[in-house]
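The values are calculated or read from the model by the stated rules, or taken from the named source; none is laboratory data. Just so it is clear, the model here is predicted, and its values are computed rather than measured. Because the Cβ atoms are built from the backbone with ideal geometry, glycine has one as well, and the counts that use them run over all protein chains shown. To get the accessible areas, we keep the full protein, side chains included, count just its heavy atoms, and leave off ligands, DNA and RNA. Shrake-Rupley method; radii C 1.70, N 1.55, O 1.52, S 1.80 Å.
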Amino acid sequence: MKPNLERIPGQQDRLAEQILARAPRRIEQNFVRSLEPTTALALGRYGARLATLALRQNSVDLLRRSVLATGLAGCLASDDDRDIMVALAVPWIVAQQLGASPAEVFATVSATLPEGPAARLVQAFGACTNITLEAFGWELVTTADGPDFRPGS
């Protein structure tokens, strides 16, 4: 299986960036309702791609944006919580690798999301202490461009 940056299309990264740029500091349900449900896919893909870029660039700011995009995608799509947790596992590991507290990073992002299931899930997942890539079906790989993640085989 190809690594995330190779297998996940980035054509909608700009759309996701525009949505995050428009998002208020504290996102309310009105903002979420103003978004097309189809933008959940763009935000989810962007969040996955950004986690790898955060690791490569040693950037906690990019990591927060990754978690925010993933959390906002969770607000738009009523996915199974397990799918969101699989997506959040990579940024959780990246936080650890950057020397940041996953609990703090995820709590900061959770506080910006609208109150509800997605915000609670982001906060609770960040507070976990036993996350491993393997448990969530991921593996860290080295590519010519740097580290990346791919679904485990």
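Projecting the alpha carbon convex hull of the range 11-151 along each direction and taking the average yields 7.7 nm².
The GluC sites (Glu not before Pro) of the range 1-63 that DSSP puts in a loop, and whose beta carbon has at most 13 other beta carbons within 10 Å, are Glu28.
Quick one: accessible area per residue over the range 1-92, 1.4 Å probe, rounded to a whole number of Å²?
Numbers: 4820 Å² over 92 residues.
Roughly 52 Å² per residue, with all protein chains present.
Expressed as a whole percentage, what fraction of the accessible surface of the chain belongs to carbon and sulfur atoms when a 1.4 Å probe is rolled over the protein heavy atoms?
On the way: 3880 of 7940 Å².
Taking all protein chains in place, the chain shows 49 percent carbon and sulfur surface.
Here the sum of -39500 (n - 2.57) over DSSP H runs of 4 or more residues, divided by the residues of the chain, equals -18500 deg cm²/dmol at 222 nm, to the nearest 500.
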